[in-house]
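Since every read-out is calculated from the coordinates, none of them should be taken as a lab result. All figures in this text were calculated on a predicted structure; none of them were measured in a lab. Counting neighbours? That spans all protein chains shown, and the Cβs are built from the backbone with ideal geometry, glycine included.
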Amino acid sequence: MSKMSTFVRQELLALSRERLPLSLFIVFVSMISVSSLIGWLTKTTVSDVWIRTREAGLTSAANPFANVSPLYYARNSIIYIILIGTLMAIVAGVASALRDRKAGTVDLILSRPTSRAEYIFGKLVGISIWLALSLTIVGIIGATVITAIYGAPLPFPDYLRLAAFFLLALPLLVGFAAVGLLGGLLSRRETGALLAPISFWAFVTFVIPQIGTAARPIALLNPVPVPPTPGGPFDALNLFMGPMAVSEQFKAASGLILQDPDIAGNLSLALLSIFAFVLVAALLVSTVKRTSIRGVLSE
Amino acid sequence: MELLDVRRSRLMAALLGFFLLAAIISVVVASIDFGVKADAYKAYTDALAASGSKNPIAAPQLFPLQLMRAAIEYLEILGALFAIILGYAAIAKEKQRGTLSLLFTRPIGPFTLGMGKLGALAIVWLAFVAVVVSATMLTAIIAGHAQLTSEDIGRLLLTILGAWLYLLVWTAVSMAIASWSRQLTTALIISIVLWLLVVLVIPQIGDTMDPDNQVPGGLFKSLQIAKPDEVAVLANFSGYNSARDALEISSVTKHFERYAFAFLGIKDQYNQQPIGVVWAGVFINTLALWLFAVGTIGISLLTSKPKTLLRTSK
Amino acid sequence: MNEFAIVANGLSKSYKDFVALDSLNLKVRRGEIFGLLGHNGAGKTTTVNLLTTLLAPTAGTVEIEGVDTAASANEVRKMIGYLPENVQLYNNMTTLENLRFFASLSGLKKPDARIREVLDYLEFRNNDNKRIGTFSKGMRQRVGIAQAILHKPSVLFLDEPTSGLDPEGVRQLRDVIIRLNADLGVTIFMNTHLLSEVTKTCSSIGILKSGKMAYQNSVDSTIAEFPDQDSLEEIYLSIEKAE
């Protein structure tokens, strides 16, 4: 256990000094901060549109944004977690995997009395702590911005929901970090080490949901879910592919936690999907052999 | 030499394979989706006919080029990322191998290296886009039981041209950054952050700021407002829309999307319109694509001179 | 106590399409400085990787201080120190941070005192809090040796330790190797190409040729065995050329 804590400490120290994960973290924080403002701006505009149409006698429908919860402003954060958060996690995983190979320290580590499991899980736990810290910072900033927009402290349960939302993001990000770690440990080329996990992310985020719902890639970047095409093979496909579309499951679970009225679904199923993903990813990375860890890295 | 390197690269083969798979799946899914909607329409029409009514809504029509929408979006998102990474790698490998000084101590011109690498990757991307577009169109013909006209072929060729320019822009950008930057890690950071912002975040903000996207199925549809009235209402928000538009046109991705969607008839306004009409309609986007391409290629060549590359060699 | 610090019997390593090492028999006495010579691709690094438990042999056995590497790899790892060729270390971490990490992995608790002691021994104290990225090759090599001896190993493996060093760096490294052996009785196993250094440093040598041990003896006996050759370099080349 103490060897694992050595790897955890080393990982935290390294990640705090590596520029690529840090840069992505800065972009992540910035976008989460801005996302609430964009949400407020959009909500204000939509309400104004409704007022105009009502005044012109063009509609008798109710304002879709009347009495909207302040948690609505966290909606865009869901997409930035899926877009930027997961990429940040992948990059952290890849950087961790390549660090020792590039520094030529793999043999120094493996010729010491430490096990492969301590090495791999030490890295993964270290990355997870870094991600948890990142999400904590991002969550506090997000909650602060939403409170400022709302103009008053939110009801306490809303803060709990926000906390639950950012907490839910952690297993999603850890899962993708494990994928990045796996890609980095197995790859023989630096470029491939990054491209493979990113391709996996693209497949899970765009291709799998498309198979289940016929939703197009750009539509999947919207926090408002695209209604799946009813009928045909999509019902059966969605049943099978749906749980594997872990980004979509995260969207659904987040929407339910944040009480988004446009999102329906099964929270338990979504949570199960996310936790199954991180478990499978962690198990896969634990199978990487010493010979792969020691593999020579070319450009 | 670059072409030989790329040809032997399993990475390139894997990228192409992955992309083809995603694009073909998207066309198949779109074809099935259309089929489902057509069957639902027929069932509804039959039910109305049985009760003595007529279906006032026109039957859905299959426009084969529209089946390529998701494939174009994959080119926008993933194509750009792959173009960035390969452009970065083209320069990074020379710096890491230590071959720059071997190259520049030979009697070559100052732009030879840059032109060679850009030229090679331009050929690669042209082949890549041609294969992807051809494969997806073939899939549309088979899975969607579609037929192409000669004008459709013209539209496809124009789409290939636009996609090629788009990928060249990203390759040139990442090559320029990798050449200019003293540290390769910094170059990769900047390139990926740029991709995130330009390809994903800015268009996503633009989409989010579209009032019609804020309600599932569309805001105006939910308020039961017809298209002419929608346009009239939105005219009162020209400032907001201008800001949204300005944000979107700062992104080369949006220009490519508008260009491709127009020529493929994905945007209703241009569906089944003669190529000349479409050309006039998206002239600004076409011009923007060319300007981005020429500009970024120029910067890439300027930064590939020995003085810059050797200065930053690590 | 074993007479031999390192014993390899019938050690072999094969890959799919080639044999890197073929039935290597090797004995290194405790307290010796052993130099393994050989042409590029002879199998020197493979030999070191097998002895340091980084690779598993296809056949044969290795014992370090009487402990079987296959049966008790972690026990062996506690007894050995290793400096690979071209180790970069963590550029954005300081000397202290790098060494604390490796010390901790070697089982040292609160290693700072030991780290200072080792850096003093290597005459490298003023660079504790400087980042490795700013160091020259020679300086990195010192930190590399430091990490290898922090936990007081009884056997030290050095893979081409003089690679890339200037003459002064080579001389300083030679002094360190000799002092480690003389002061602490550390058995040292060294891959090298620099025959001049072998003459000044090693007590015995082995010559590897295409995966097989072509020759092994003490340096003095080797010189006596080849009276017609003027230098160790000529002896080495004659053995290399021989069938």
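List of remarks:
- Rounded to the nearest 500, the helix-only mean residue ellipticity at 222 nm of chain B stands at -23500 deg cm²/dmol, with each DSSP H run of n ≥ 4 adding -39,500 (n - 2.57).
- Over the stretch C:1-68, volume per residue of the alpha carbon convex hull, in Å³: 79
- Whole-Hz ³J(HN,Hα) from phi, Karplus 6.51 cos²θ - 1.76 cosθ + 1.60, for the stretch A:243-255, glycine and proline x: x, 7, 7, 5, 5, 5, 5, 5, 4, 5, 4, 5, x
- Net charge over other residues, Cβ less than 13 angstrom from the Cβ of C:Val87 (K, R count +1; D, E count -1): 0
- Hz values of 3J(HN,Hα) by residue in the stretch B:111-125 - Karplus curve (6.51, -1.76, 1.60), Gly and Pro given as x: 9, 4, 4, x, 5, x, 5, 5, x, 4, 5, 5, 5, 4, 5
- Taking only Cα atoms of the stretch C:27-180, radius of gyration then Dmax in Å: 15.7, 47
- Against the main long axis of the alpha-carbon atoms of chain A, helix A:86-103 sits at an angle near 10°.
- Charge tally in the Cβ shell below 12 Å around A:Pro230, where Lys, Arg are +1 and Asp, Glu are -1, A:Pro230 excluded: -2
- Set of lysines near C:Lys209 by C-alpha distance (under 22 Å), chain-local residues within fewer than 8 positions excluded: C:Lys13, C:Lys16, C:Lys27, C:Lys44, C:Lys241
- Compared with the direct C-alpha span, the chain from C:Ser163 to C:Arg125 gains 11.3 nm at full extension, assuming 0.36 nm per residue.
- Residue-averaged [θ]222 nm for chain A, counting only DSSP H segments that reach four residues, each worth -39500 (n - 2.57): -23500 deg cm²/dmol
- Counting only other chain Cβ atoms within 10 Å of each residue's Cβ, the peptide B:201-213 averages 6.
- Net length available on complete extension from B:Lys227 to B:Ala59 is 58.5 nm, with 0.36 nm assigned per residue and the Cα-Cα distance removed.
- Counting only Cβ charges, +1 for Lys and Arg and -1 for Asp and Glu, the dipole size of chain C around its Cα centre is about 1080 debye.
- Pairwise Cα separations in the stretch C:101-243 fall into 5 Å bins from 0 onward with the following percentages, short to long: 2, 8, 17, 19, 17, 13, 9, 7, 5, 2, 1, 0.
- Within the shell of other residues whose beta carbon sits under 12 angstrom from the beta carbon of B:Ile275, the net charge comes to -1, with Lys and Arg scored +1 and Asp and Glu -1.
- Counting Cβ atoms of other protein chains within 10 Å of each Cβ in C:42-54 and taking the mean gives 2.
- The distance linking the stretch B:174-219 with the stretch C:138-186 is 50 Å (Cα centroid to Cα centroid, whole angstrom).
- Only one residue of C:Asn49, A:Leu133, A:Gly39 has its Cα farthest out toward the positive end of the dipole of the protein assembly as shown, where Lys and Arg carry +1 and Asp and Glu -1 on Cβ, and that residue is A:Leu133.
- Contact order normalised by residue count of chain A, Cα under 8 Å, 6+ apart, percent: 24
- Rounded tilt (10° steps) of B:238-249 against the dominant C-alpha axis of chain B: 40
- Computed packing ranks the peptides C:128-136, A:179-187, A:201-209 as A:179-187, A:201-209, C:128-136, most packed first, by mean other Cβ atoms within 10 Å.
- Positive dipole terminus of the protein assembly as shown, leading residue within A:Ile120, C:Gln172, A:Phe200 (C-beta point charges): C:Gln172
- Two-site FRET efficiency, B:Ser238 against B:Ile275, from Cβ-Cβ distance with R₀ of 25 Å, rounded to 0.05: 0.25
- Value of relative contact order over the stretch A:172-241, rounded to a whole percent, pairs C-alpha under 8 Å and six or more apart: 24
- In terms of its C-alpha gyration tensor, the stretch B:232-314 has an oblate overall shape, because the principal axis ratio a/c (a ≥ b ≥ c, square roots of the eigenvalues) is not below 1.5 and a/b does not outweigh b/c.
- Per-residue [θ]222 nm for chain C (sum of -39500 (n - 2.57) over DSSP H runs n ≥ 4, rounded to 500): -11000 deg cm²/dmol
- A simple charge model with +1 on the Cβ of Lys and Arg, -1 on the Cβ of Asp and Glu and nothing else charged puts the dipole of the protein assembly as shown at about 760 debye relative to its Cα centre.
- Column: log10 I(q)/I(0), Debye, Cα scatterers of chain A, q = 0.10, 0.15 Å⁻¹: -0.60, -1.15
- In degrees, nearest ten, helix B:80-97 long axis to first principal axis of chain B (Cα): 10
- Under-22-angstrom lysine pairs by C-alpha in chain A, whenever the two are 8 or more apart or on separate chains: 7
- Point-charge dipole on Cβ atoms (K/R +1, D/E -1) for the stretch B:245-314, about Cα centre, debye to 20: 620
- Shielding by partners - mean other protein chain Cβ count within 10 Å, residues of A:8-20: 4
- Value of relative contact order over chain B, rounded to a whole percent, pairs C-alpha under 8 Å and six or more apart: 27
- Non-local Lys pairs in chain B, i.e. 8 or more apart or on different chains, that have alpha carbons under 23 Å apart: 22
- Extreme residue, positive dipole direction of chain B, given options B:Ala70, B:Ser179, B:Leu100 (C-beta unit charges): B:Leu100
- Rounded to the nearest 0.05, the FRET efficiency derived from the C-beta distance between A:Ala152 and A:Ser30 at R0 = 25 Å is 0.50.
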